[in-house]
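Quick notes on the structure that follows.
The values are calculated or read from the model by the stated rules, or taken from the named source; none is laboratory data. Here the structure is a predicted model, which means the values were calculated and not measured. As a convention, Cβ positions derive from the backbone with ideal geometry for all residues, glycine included, and neighbour counts pool all protein chains shown. Ligands, DNA and RNA are stripped out before the accessible areas are found, and what is left, the full protein with its side chains, is counted by its heavy atoms. Shrake-Rupley method; radii C 1.70, N 1.55, O 1.52, S 1.80 Å.
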Amino acid sequence: MAVGARGTLCPVCMRPVRDGACPEHGPWQAHQLASADDRRAAARASWQPFEPALHACPRCLGDVTEGRRGFDCVAHMSARDTHGPYMVDELLGVTAQREAAASRARLARRARVRTRPRPQRPMIPLPDAARLWRLVAAATVLTATVAFLAR
């Protein structure tokens, strides 16, 4: 089994960690940390409504299945960057899953807002320059005629 790229993000809050420990959520093993690919996938997914499982993959919150060396992520079992194997105490519990899903939902919402088209000012089309000069000349002739007749 090829070892995939190791992550640098806390699997719960998806923020960068220093020396394998998140200031808010504590220490993590290197294979538990989420990668930039995991963060992009979380931003593309829909996280509401979220139903936590008994145990979930720390990197993608997916289902896990027991294998020979521990628990493997079902969704990424045969992927280029596999998730797992994890020991039971390395999987996310229900409370951590809820918190992770909330932070991933915020990521997804920010990604949607960034890609949403910005409102633009309406553009008023200007008339053709030749037509504009003809209108000005006609208005001048009309004003001169009215002034002459008024005298």
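For segment 77-131, the set of trypsin sites (Lys or Arg not before Pro) satisfying both a DSSP loop assignment and a count of at most 13 other C-beta atoms within 10 Å is given as R80.
The Cα atoms of segment 1-81 give a gyration tensor whose axes a ≥ b ≥ c have a/c under 1.5, which makes the shape rounded. Relative to the dominant Cα principal axis of the chain, helix 129-150 is inclined by about 40°. Translational diffusion coefficient, Stokes-Einstein: compute it for the chain using the Kirkwood radius over C-alpha pairs as Rh, at 37 °C and 0.692 mPa s, and state it as an integer in µm² s⁻¹. Rounded, D is 170 µm²/s.
Helix 94-115 and the longest principal axis of the Cα set of the chain meet at an angle near 20°. Accessible surface area normalised per residue over segment 68-149 is 81 Å², counting heavy atoms of protein chains with a 1.4 Å rolling probe.
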